[in-house]
Structure formats: C-alpha cells, structure tokens
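Peer 1: What follows is a single structure, and I will ask about it in a moment.
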Amino acid sequence: MDKPLNRRNFLKVGGAGTVALLLGSTGVLSLSQAGKALANPERPHLGEAGYGPLVKDPGGILNLPQGFQYRIISEQGGKLSDGGIIPGAFDGMAAFQGPHNSTILVRNHEQSGNTPYPVEGKNPYDKLRTGGTTALVVGPNRKVVAEYVTSSGTIRNCAGGATPWGTWLTCEETRDQGHGYVFEVDPLHPENDLSKTPIREMGAFSHEATAVDPSTGIVYLTEDGSPSFLYRFIPHDRSQRLGALQKGGKLQAAAIEEIPAALASSIATGQTFGLVWKDLDPEKPSLEAKEKGCIQFSRLEGAYFAGGVFWFDDTSAGDTRLGRVYRYFPSTNTLELFYESSEANDLEAPDNICITPWGDLWIAEDGGGTDRIIGVTPEGQTYVFAENTLNDSELAGPVFSPDGKTLFVNIQNPGMTFAIWGPFPRKNSGRQRLIGHAAPPARLAPIIGDKLAAFAEKQGMSPLEAAALHRHGMPIL
C-alpha cells in the first residue's frame, strides 16, 4: 500500500455484499465458506471472513451472527453465593478448568472509591478501596453454580492475565501511593494472604495487562499511562508454581538501540538497529524507562501469549489515534507492527485481545459508541463477531472455556457477564501458531514506503519489524 486507506477506498476493496451463514456438513462453521457482511447499514463490515451478517438483538444489548446465542450469567447488584452484592465495573477475565466439566471464571472489577457495588472482601489489601476480583463457577449448562469474592481492597483492577499454573494476575491501573501493583489470585483459595500480597518487583506503575510465556516463565506487562512502556519480568524462580513470582525477579523495559557490529553480524548481514531490554528500579519504573530512552507508546492495553508469540496493542496510537496491534517474538527478540488502523470502520481503540481456540486473533474495541469484537484470520481476512449496542459501555475480558465451546465476555457498565455459544470451529493448535507468523490483512497492514522497504531489506528485517522500529525512532540510514 502506498497511501492511507480512506472510507471510499475501503468500500471498494472490502465490498458491501452480505450472504447468509454457511455451515459445513459437520455443522461447524467453515471460515472459507462464510461471506462478507455488514455489521449495520451505517458501518461497513471489515471484510471477507466470519459468520455472516450480525442479527439485531431483540433485547437491545449484543448483536451476534445467526446461529449464536447468549445468556447473561451475572449482573452487578445481584447476589453472590454468600448473600453479598455482585460488584460493578466488570473488566478483564480468565477461564480455568473446574470440577465436573465446569469452568471457573476470575473477573476484575475496575473501581476504587465510593461505588454502589463495591468488592466487599473478608481479607482486603486496603480496607478503603473497593476494587478486586470475583470468581464464577459455571456449569456445563452455562449456568452459574457459585459466585464469590477472590480478592479485595485494590484500585482499578482493569486487566491482568492468566498463568499457566492456574492463577490470575490482577493488575492495578493506578499510581496512587501504596498501590499500582500486580497481585496473584488463586480462584480455588479465595481471599488468602497471597491474594493481598503485592508482587513489588513487577513494578509500581499504572498496570494494564500481563501475559506469561509458558516456555520460559517470563511475564510481559503493558502500562496504561501516557507515555506507557512495554515491560517484562524475569522471575528468580522459573518453576511456574503458585507463589513463585513473589520470590522476586528482574524488571525490564523495551528500547531500540543500535546493535554493536559484532552482535549484528550474528543476526543478519548489515543489521543496525534492534530491540534491547533495559533493567529498571521496580519502585520507579516509568521514570527510569523514560530516562533510559525506552520505547514510548501512546497507551498500551491488551496482552496475550499464544503459539510462541506475545501480542499487545496500543489503543490510541497512529496518525489517526485509532490504535495499533503489535506482536513480539521472544525466540528472536523481534518486534513487529501487525496492524495500524486508519479509519474508524477498520478498528477503533483496540483493547482486550485474545487468540481463539481455532487460531483467529480477536480484538475488543473501546472507542466509545458502538464497540465490537473484530476477528482477524491467519489467511489475512477480517470480520465482526459481536457488536455491543449499549453506547459508551465497553466490551471487556473475552475468554473461551477450556473446551473452546463457550465465549465469556463482559460489558463493563452496567456490569454484565455473557456466555455465548454457537457453531464455533474446533480447537486447532496448529492454526494458533500460524496466526503468529501470518501476514496482516493487506489493506489493513502498516503503510511502508519504498525507502523503508529498501532499508528493511538491506538490514535483514521484515517490513513489519522495520515499521515497528521506525514508528518508534529508528532512522532510515
């Protein structure tokens, strides 16, 4: 692409036709068979794959493709199993295997001060704060068996991330004194002392999300601030067991630097610039990251690790301030700019992200107005899966049940948790790895000029790597 994609050009390449939902003989949706669709008459559908047109929800909440249905399984102000009030401001979420084919959800509550629906725990970190986490045990019939508080007394629990060993890292999005930490929550042992013990060496800053590399135990962290930085935490104890992270580790932030000639020759002929990680003081990481020249992002949000690749997004980056999606390859220490939005109908304010069990990248928008879940396939196609019709209330925490048959997602305000099911494709671990190395949709990829493309070739970089480094200060020599 040699020029930005405007709305007229987008309609030319994307098409405006719709087709009905097509199912294979097995009853499982074939992405190659499904056609183009419109999310609604006012907003062009992103592209060529997916599940067909969205059907208007009679309840006026969540539009889904034909063949899918939802159930609201939890609402703020309802009753917990112990008779307490279900807290409000639903946000990030994780799903774990529970007994008897159940799913255990752990859910964040992004609040801090006075609220009609606080997290009221029995063992809070700070009695004056009203954020925290709850858990829902959901049976195979997609109905809640139990619902209870798992941690409390924290501030603005926005996102976080699941660990390979079955716990939830809940993150405080604040810089208030005594807060701004990551806490480890065990849904099987709610409100224990671990849940109120901050992992201080993971840093005190306005945390957003985390993702763990299961092959190394390294934790990647995003920061919701301005500017914000990309961090990683290298634990002293790599056993990946409950409580290991509390033993401390090294906090670092990503930077772009000229690579010494001796090292560059071992990477690629002529390579000049690359990603490096700089050590930080965990008590003042944002300040040190800025002083040490680390990459300054606009406002980082969602994070997800799958198939050897760490995905994350910058919700307000780019010339249009509509967001970017990045991916990082730990095995090669390579950062790529995968997606750069140029129009609101492409992608607006990417927030929570995940890789589906069958290998598509899913992105939840948080741009205000009508937010959607956008899908990107390894084949370079895009589609809309869901549309939240409650204006100015974001979709948050999309996560699949361990068997891949149910999607759980939140609407933040008024707080609601949905179970969604229908003709989802089967699990496909090979395709999950494929998305990590797939080219982005051609018309939605970052725009790379001839000069940068030539530079990338000379340096032995992919165009996506060159785009990521150039957007953040690498000169074209």
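The values are calculated or read from the model by the stated rules, or taken from the named source; none is laboratory data. If you're wondering where the values come from, they're calculated on a predicted model, not measured in any experiment. Positions of Cβ are backbone-derived with ideal geometry, glycine not excepted, and every protein chain shown enters the neighbour counts. These area figures cover heavy atoms from the full protein model, side chains too; ligands, DNA and RNA do not enter into them. Shrake-Rupley method; radii C 1.70, N 1.55, O 1.52, S 1.80 Å.
Peer 1: Of the residues VAL119, VAL138, which single one is under 14 Å from GLN76 (Cβ atoms) and either among the hydrophobic types (A, V, I, L, M, F, W, C) or surrounded by fewer than 24 Cβ atoms within 10 Å (Cβ to Cβ) (or both)?
Peer 2: VAL119
Peer 1: Next question. For the stretch 372-400, which residues satisfy the criterion of being open to solvent by 10 Å² or more (accessible area, probe 1.4 Å) and touching a helix residue (DSSP H, G or I) at 6+ places or on another chain (Cβ under 8 Å)?
Peer 2: PRO378, GLY380
Peer 1: While we're on this one: Go through the stretch 405-414 residue by residue and tally those that are in contact (Cβ under 8 Å) with a residue 60 or more places away in the chain and of a type in the set (D, E, K, R).
Peer 2: Count: 0.
Peer 1: TRP358: part of a loop (DSSP other than H, G, I, E, B), more than 17 Å from GLN296 (Cα to Cα) and touching a Pro at 6+ places or on another chain (Cβ under 7 Å), yes or no?
Peer 2: yes
Peer 1: Take the stretch 141-166 and flag every residue that is buried (at least 24 other Cβ atoms within 10 Å of the Cβ) and β-branched (Val, Ile, Thr).
Peer 2: VAL149, THR150, THR154, ILE155, THR163
Peer 1: Quick one: what pairs do we get from the stretch 459-472, first residue free of Cβ contacts under 8 Å to residues at least 24 places away in the same chain, second open to solvent by less than 20 Å² (accessible area, probe 1.4 Å), C-beta under 6 Å, 6+ apart or different chains?
Peer 2: Qualifying pairs under 6 Å: PRO463/ALA456; ALA466/LEU452; ALA466/ALA456; HIS470/LEU452.
Peer 1: Which condition from (1) assigned to a strand (DSSP E or B); (2) touching a Lys or Arg at 6+ places or on another chain (Cβ under 8 Å); (3) not polar (S, T, N, Q) is the one that LEU105 breaks?
Peer 2: (2)
Peer 1: Follow-up. Looking at (1) among the polar types (S, T, N, Q); (2) more than 30 Å from ALA253 (Cβ to Cβ); (3) open to solvent by 40 Å² or more (accessible area, probe 1.4 Å); (4) under 25 Å from the mean Cα position of the chain (by Cα), can you tell me which one THR197 breaks?
Peer 2: (2)
Peer 1: In addition: Identify, please: which residue in the stretch 429-475 is in contact with a helix residue (DSSP H, G or I) (Cβ under 6 Å, 6 or more places away or on another chain) and assigned to a loop (DSSP other than H, G, I, E, B) and is, among those, surrounded by the most Cβ atoms within 10 Å (Cβ to Cβ)?
Peer 2: PRO446
Peer 1: Answer yes if at least one residue in the stretch 179-194 is under 21 Å from the mean Cα position of the chain (by Cα), open to solvent by less than 10 Å² (accessible area, probe 1.4 Å), over 26 Å from PRO235 (Cβ atoms) and not acidic (Asp, Glu), and no otherwise.
Peer 2: No: zero hits.
Peer 1: From the list PRO378, PRO402, PRO398, pick out the single residue that is in contact with a strand residue (DSSP E or B) (Cβ under 6 Å, 6 or more places away or on another chain), at negative phi, in contact (Cβ under 8 Å) with a residue 24 or more places away in the chain and assigned to a loop (DSSP other than H, G, I, E, B).
Peer 2: Step by step, each of PRO378, PRO402, PRO398 is checked, and only PRO402 is in contact with a strand residue (DSSP E or B) (Cβ under 6 Å, 6 or more places away or on another chain), at negative phi, in contact (Cβ under 8 Å) with a residue 24 or more places away in the chain and assigned to a loop (DSSP other than H, G, I, E, B).
Peer 1: OK, next. Could you grab me the full set of residues in the stretch 298-348 that are open to solvent by 10 Å² or more (accessible area, probe 1.4 Å), assigned to a strand (DSSP E or B) and either closer than 19 Å to GLY473 by Cβ or small (Gly, Ala, Ser) (or both)?
Peer 2: ALA303, ALA306, ARG324, THR334, GLU336, GLU340
Peer 1: Can you report the number of residues in the stretch 246-279 which are assigned to a loop (DSSP other than H, G, I, E, B), open to solvent by 20 Å² or more (accessible area, probe 1.4 Å) and at pLDDT 95 or above?
Peer 2: 0
Peer 1: Let me ask another. Do you know which residues across the stretch 299-331 are modelled with pLDDT of 95 or more and over 25 Å from VAL399 (Cβ atoms)?
Peer 2: Passing the criteria: only SER331.
Peer 1: Can you spot a residue in the stretch 280-287 that is modelled with pLDDT of 95 or more, on the phi < 0 side of the Ramachandran plot and part of a strand (DSSP E or B)?
Peer 2: no
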